[in-house]
Amino acid sequence: MRTLIIPISIACLSVAFTPIPTSLPIPAAVISSRHSTTDASSSLYENINLQQYGLSKEAFDYAYKGYQNLLKKNMISRSDYLTICDFSQPSRQKRLYIIDIASNELVLNTYVAHGKNSGAEYATRFSNSPSSLQSSLGFYITQDTYVGEHGLSLKINGVDRGFNDKASRRHIVIHGANYIDQSWLRHSPFMGRSYGCPAVPANECLTIINTIKNGTCLFIYHPYRKYLKGSKILNG
(Lines give C-alpha, C1' and ligand atoms only; values in the text may rest on other atoms or scores of the structure.)
Protein backbone atom coordinates (compact mmCIF):
# COMPACT_ATOMS: atom_id res chain seq x y z
CA MET A 1 0.00 0.00 0.00
CA ARG A 2 1.26 3.38 -0.96
CA THR A 3 1.28 6.00 1.71
CA LEU A 4 -0.29 9.27 0.66
CA ILE A 5 1.63 12.23 1.95
CA ILE A 6 -0.24 15.52 1.89
CA PRO A 7 1.94 18.63 2.36
CA ILE A 8 0.50 21.04 4.85
CA SER A 9 1.47 24.67 4.91
CA ILE A 10 2.74 25.78 8.27
CA ALA A 11 0.98 29.04 7.68
CA CYS A 12 -2.36 27.24 7.67
CA LEU A 13 -1.72 25.98 11.15
CA SER A 14 -0.80 29.32 12.62
CA VAL A 15 -3.25 30.52 15.25
CA ALA A 16 -3.55 34.15 16.39
CA PHE A 17 -3.16 34.35 20.16
CA THR A 18 -4.10 37.49 22.14
CA PRO A 19 -1.47 38.17 24.80
CA ILE A 20 -2.82 37.80 28.31
CA PRO A 21 -2.31 41.04 30.20
CA THR A 22 -0.40 40.76 33.44
CA SER A 23 -3.01 43.01 35.11
CA LEU A 24 -6.55 43.85 34.13
CA PRO A 25 -7.17 47.39 32.89
CA ILE A 26 -8.92 49.77 35.29
CA PRO A 27 -12.41 50.64 34.00
CA ALA A 28 -12.71 54.16 32.67
CA ALA A 29 -15.53 54.93 35.10
CA VAL A 30 -13.30 54.10 38.06
CA ILE A 31 -10.48 56.24 36.73
CA SER A 32 -12.92 59.07 36.11
CA SER A 33 -14.36 59.00 39.63
CA ARG A 34 -10.89 58.80 41.14
CA HIS A 35 -9.55 61.80 39.32
CA SER A 36 -12.62 63.94 38.68
CA THR A 37 -12.38 65.87 41.96
CA THR A 38 -8.67 66.50 41.53
CA ASP A 39 -9.11 67.57 37.91
CA ALA A 40 -11.99 69.90 38.76
CA SER A 41 -10.01 71.43 41.63
CA SER A 42 -6.98 72.06 39.42
CA SER A 43 -9.13 73.54 36.67
CA LEU A 44 -10.90 75.92 39.04
CA TYR A 45 -7.65 76.96 40.70
CA GLU A 46 -6.03 77.77 37.38
CA ASN A 47 -9.06 79.40 35.75
CA ILE A 48 -9.60 81.78 38.67
CA ASN A 49 -5.83 82.32 38.93
CA LEU A 50 -5.93 81.92 42.71
CA GLN A 51 -2.17 81.65 42.96
CA GLN A 52 -1.97 85.32 41.98
CA TYR A 53 -3.98 86.17 45.12
CA GLY A 54 -1.79 84.14 47.45
CA LEU A 55 -4.00 81.08 47.97
CA SER A 56 -1.91 77.94 47.89
CA LYS A 57 -2.89 75.04 45.64
CA GLU A 58 -2.76 72.72 48.65
CA ALA A 59 -5.22 74.85 50.62
CA PHE A 60 -7.64 75.00 47.71
CA ASP A 61 -7.41 71.27 46.99
CA TYR A 62 -8.28 70.40 50.57
CA ALA A 63 -11.10 72.95 50.59
CA TYR A 64 -12.59 71.65 47.35
CA LYS A 65 -12.30 68.01 48.40
CA GLY A 66 -14.15 68.63 51.66
CA TYR A 67 -16.71 70.79 49.90
CA GLN A 68 -17.47 67.94 47.49
CA ASN A 69 -17.72 65.41 50.33
CA LEU A 70 -20.17 67.65 52.18
CA LEU A 71 -22.24 68.05 49.02
CA LYS A 72 -22.49 64.27 48.70
CA LYS A 73 -23.79 64.12 52.28
CA ASN A 74 -26.36 66.84 51.53
CA MET A 75 -24.91 69.02 54.27
CA ILE A 76 -24.61 72.12 52.07
CA SER A 77 -27.86 73.80 51.09
CA ARG A 78 -26.19 76.54 49.02
CA SER A 79 -23.46 75.16 46.78
CA ASP A 80 -22.77 78.41 44.92
CA TYR A 81 -20.03 79.72 47.23
CA LEU A 82 -16.93 78.24 48.85
CA THR A 83 -15.16 80.44 51.41
CA ILE A 84 -11.58 79.72 52.49
CA CYS A 85 -9.58 81.19 55.38
CA ASP A 86 -5.97 80.31 54.65
CA PHE A 87 -4.26 80.50 58.05
CA SER A 88 -0.97 79.30 56.61
CA GLN A 89 -0.54 82.95 55.59
CA PRO A 90 0.35 85.80 57.99
CA SER A 91 -2.43 88.06 59.24
CA ARG A 92 -0.94 90.98 57.31
CA GLN A 93 -2.03 89.35 54.06
CA LYS A 94 -5.50 89.10 52.57
CA ARG A 95 -6.18 85.47 53.35
CA LEU A 96 -9.97 85.22 53.16
CA TYR A 97 -11.31 84.08 49.79
CA ILE A 98 -14.95 83.93 48.72
CA ILE A 99 -15.19 81.89 45.54
CA ASP A 100 -18.22 81.65 43.27
CA ILE A 101 -18.01 78.02 42.17
CA ALA A 102 -20.73 78.35 39.52
CA SER A 103 -19.14 81.25 37.66
CA ASN A 104 -15.47 80.41 38.37
CA GLU A 105 -14.91 83.77 39.99
CA LEU A 106 -13.15 85.15 43.05
CA VAL A 107 -15.84 87.37 44.53
CA LEU A 108 -13.83 88.83 47.40
CA ASN A 109 -10.33 88.62 48.87
CA THR A 110 -9.73 90.38 52.17
CA TYR A 111 -8.29 90.15 55.68
CA VAL A 112 -9.46 87.80 58.42
CA ALA A 113 -8.38 87.51 62.05
CA HIS A 114 -7.31 84.43 63.96
CA GLY A 115 -7.68 83.78 67.68
CA LYS A 116 -5.67 85.67 70.27
CA ASN A 117 -4.05 82.52 71.65
CA SER A 118 -3.43 80.97 68.24
CA GLY A 119 -0.40 83.17 67.61
CA ALA A 120 0.77 86.67 66.77
CA GLU A 121 1.43 87.32 63.08
CA TYR A 122 0.96 83.64 62.24
CA ALA A 123 -1.62 81.21 63.60
CA THR A 124 0.21 78.15 64.89
CA ARG A 125 -2.03 76.75 67.64
CA PHE A 126 -5.61 75.58 67.31
CA SER A 127 -8.25 74.32 69.69
CA ASN A 128 -11.87 73.22 69.96
CA SER A 129 -12.07 74.07 73.67
CA PRO A 130 -14.52 76.76 74.84
CA SER A 131 -11.99 78.73 76.91
CA SER A 132 -9.00 78.50 74.57
CA LEU A 133 -9.38 81.82 72.68
CA GLN A 134 -7.89 79.93 69.74
CA SER A 135 -9.10 79.39 66.19
CA SER A 136 -10.62 76.04 65.21
CA LEU A 137 -9.68 74.45 61.91
CA GLY A 138 -11.96 72.65 59.51
CA PHE A 139 -15.27 72.87 57.72
CA TYR A 140 -18.23 74.97 58.75
CA ILE A 141 -21.71 75.52 57.34
CA THR A 142 -22.96 79.10 57.56
CA GLN A 143 -26.28 79.71 59.27
CA ASP A 144 -28.49 82.70 59.95
CA THR A 145 -27.57 86.19 61.11
CA TYR A 146 -28.18 88.20 64.24
CA VAL A 147 -27.27 91.60 65.61
CA GLY A 148 -24.98 91.50 68.65
CA GLU A 149 -22.20 93.47 70.31
CA HIS A 150 -20.27 93.55 67.02
CA GLY A 151 -23.30 94.51 64.95
CA LEU A 152 -24.49 92.17 62.22
CA SER A 153 -22.94 88.74 62.78
CA LEU A 154 -23.17 85.36 61.09
CA LYS A 155 -23.50 82.07 62.96
CA ILE A 156 -21.38 79.21 61.66
CA ASN A 157 -21.83 75.53 62.50
CA GLY A 158 -18.63 73.50 62.89
CA VAL A 159 -19.10 70.09 61.26
CA ASP A 160 -15.55 68.71 61.62
CA ARG A 161 -15.99 66.43 64.61
CA GLY A 162 -13.29 66.82 67.23
CA PHE A 163 -11.84 69.94 65.59
CA ASN A 164 -14.57 72.59 65.47
CA ASP A 165 -17.85 70.98 66.52
CA LYS A 166 -17.96 73.11 69.67
CA ALA A 167 -18.07 76.33 67.65
CA SER A 168 -21.67 77.09 68.54
CA ARG A 169 -21.01 76.56 72.24
CA ARG A 170 -17.98 78.84 71.94
CA HIS A 171 -20.06 81.49 70.14
CA ILE A 172 -17.69 81.41 67.16
CA VAL A 173 -19.21 83.65 64.49
CA ILE A 174 -18.23 85.89 61.61
CA HIS A 175 -18.39 89.54 62.61
CA GLY A 176 -16.82 92.84 61.72
CA ALA A 177 -13.96 94.38 63.71
CA ASN A 178 -11.85 97.52 63.52
CA TYR A 179 -8.69 95.57 64.46
CA ILE A 180 -8.64 93.65 61.19
CA ASP A 181 -8.11 96.38 58.63
CA GLN A 182 -5.28 97.90 56.58
CA SER A 183 -5.24 100.96 58.83
CA TRP A 184 -4.42 98.76 61.85
CA LEU A 185 -1.02 97.98 60.35
CA ARG A 186 0.04 101.61 60.62
CA HIS A 187 0.72 101.13 64.32
CA SER A 188 1.10 97.34 64.63
CA PRO A 189 3.39 94.74 63.01
CA PHE A 190 0.43 92.35 62.62
CA MET A 191 -3.35 92.44 62.61
CA GLY A 192 -5.46 92.40 65.74
CA ARG A 193 -6.79 89.07 66.97
CA SER A 194 -10.15 87.79 68.08
CA TYR A 195 -11.32 85.41 70.81
CA GLY A 196 -11.42 82.66 68.18
CA CYS A 197 -13.83 84.13 65.64
CA PRO A 198 -12.84 84.63 61.99
CA ALA A 199 -13.43 88.39 62.29
CA VAL A 200 -13.41 90.45 59.09
CA PRO A 201 -12.99 94.17 58.27
CA ALA A 202 -15.94 96.17 59.57
CA ASN A 203 -16.42 98.00 56.27
CA GLU A 204 -16.74 94.69 54.36
CA CYS A 205 -18.68 92.75 56.96
CA LEU A 206 -22.15 93.38 55.53
CA THR A 207 -21.13 92.29 52.03
CA ILE A 208 -19.38 89.16 53.29
CA ILE A 209 -22.21 88.04 55.54
CA ASN A 210 -24.98 88.65 53.01
CA THR A 211 -23.02 86.79 50.35
CA ILE A 212 -22.29 83.57 52.24
CA LYS A 213 -25.08 83.28 54.83
CA ASN A 214 -27.67 80.49 55.05
CA GLY A 215 -25.95 77.26 54.11
CA THR A 216 -22.66 77.83 52.28
CA CYS A 217 -19.36 76.08 53.00
CA LEU A 218 -16.55 77.74 54.96
CA PHE A 219 -13.12 76.12 55.38
CA ILE A 220 -10.47 77.31 57.82
CA TYR A 221 -7.16 75.86 56.67
CA HIS A 222 -3.70 75.33 58.07
CA PRO A 223 -1.21 72.55 57.20
CA TYR A 224 -1.60 71.21 60.73
CA ARG A 225 -0.78 67.52 60.44
CA LYS A 226 -3.12 66.38 63.21
CA TYR A 227 -6.07 67.99 61.44
CA LEU A 228 -5.20 66.87 57.91
CA LYS A 229 -4.84 63.27 59.06
CA GLY A 230 -7.72 63.31 61.53
CA SER A 231 -10.53 65.11 59.71
CA LYS A 232 -13.29 62.66 58.79
CA ILE A 233 -14.56 65.10 56.19
CA LEU A 234 -11.24 65.06 54.36
CA ASN A 235 -10.53 61.37 54.90
CA GLY A 236 -13.98 59.84 55.19
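The values are calculated or read from the model by the stated rules, or taken from the named source; none is laboratory data. Keep in mind that this is a model prediction, so the values were computed, not measured. Don't worry about glycine lacking a Cβ; one is built from the backbone with ideal geometry, like all the others, and counts go over all protein chains shown.
Across the range 167-180, what is the total count of residues that are buried (at least 19 other Cβ atoms within 10 Å of the Cβ), of a type outside the set (A, V, I, L, M, F, W, C) and outside any helix (DSSP H, G or I)? Show your work before the answer.
Here is the first cut: in the range 167-180, the ones buried (at least 19 other Cβ atoms within 10 Å of the Cβ) are 167, 170, 172-177, 180.
Narrowing the set further to residues that are of a type outside the set (A, V, I, L, M, F, W, C) leaves 170, 175-176.
Adding the requirement that they be outside any helix (DSSP H, G or I) leaves 175-176.
The number of residues fulfilling the criteria is 2.
Quick one: count up the residues across the range 160-195 that are of a type in the set (Asp, Glu) and at pLDDT below 95. It would help to see each step written out before you state the result.
To start, the set of residues in the range 160-195 that are of a type in the set (Asp, Glu) comprises 160, 165, 181.
From what is left, the residues that are at pLDDT below 95 are 181.
Residues flagged as of a type in the set (Asp, Glu) and at pLDDT below 95 within the range 160-195 amount to 1.
Hey, can you tell me all the residues within the range 120-136 that are within 18 Å of ARG161 (Cβ to Cβ) and crowded, with 16+ Cβ neighbours inside 10 Å? So that I can check it myself, show each step before the final result.
Just the residues of the range 120-136 that are within 18 Å of ARG161 (Cβ to Cβ), to begin with: 126-130, 132, 134-136.
Across the range 120-136, the qualifying residues are PHE126, SER127, ASN128, SER132, GLN134, SER135, SER136.
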### Summary
Of the residues in the range 61-102, those that are part of a loop (DSSP other than H, G, I, E, B), modelled with pLDDT of 95 or more and farther than 14 Å from LEU218 by Cβ number 9
#### Entry: the range 137-161: number of residues that are hydroxyl-bearing (Ser, Thr, Tyr), surrounded by fewer than 20 Cβ atoms within 10 Å (Cβ to Cβ) and within 20 Å of ASN69 (Cβ to Cβ)
0
### Residues satisfying the stated conditions in the range 156-205, i.e. more than 25 Å from SER131 (Cβ to Cβ), touching a strand residue (DSSP E or B) at 6+ places or on another chain (Cβ under 6 Å) and among the hydrophobic types (A, V, I, L, M, F, W, C)
ALA202, CYS205
### Task
Output the qualifying pairs, or none if there are none: Cβ atoms under 9 angstrom, residues six or more apart or on different chains, first residue in the range 38-64 and surrounded by fewer than 13 Cβ atoms within 10 Å (Cβ to Cβ), second residue outside any helix (DSSP H, G or I).
SER43/ASN104; ASN47/ASN104; ASN49/LEU106
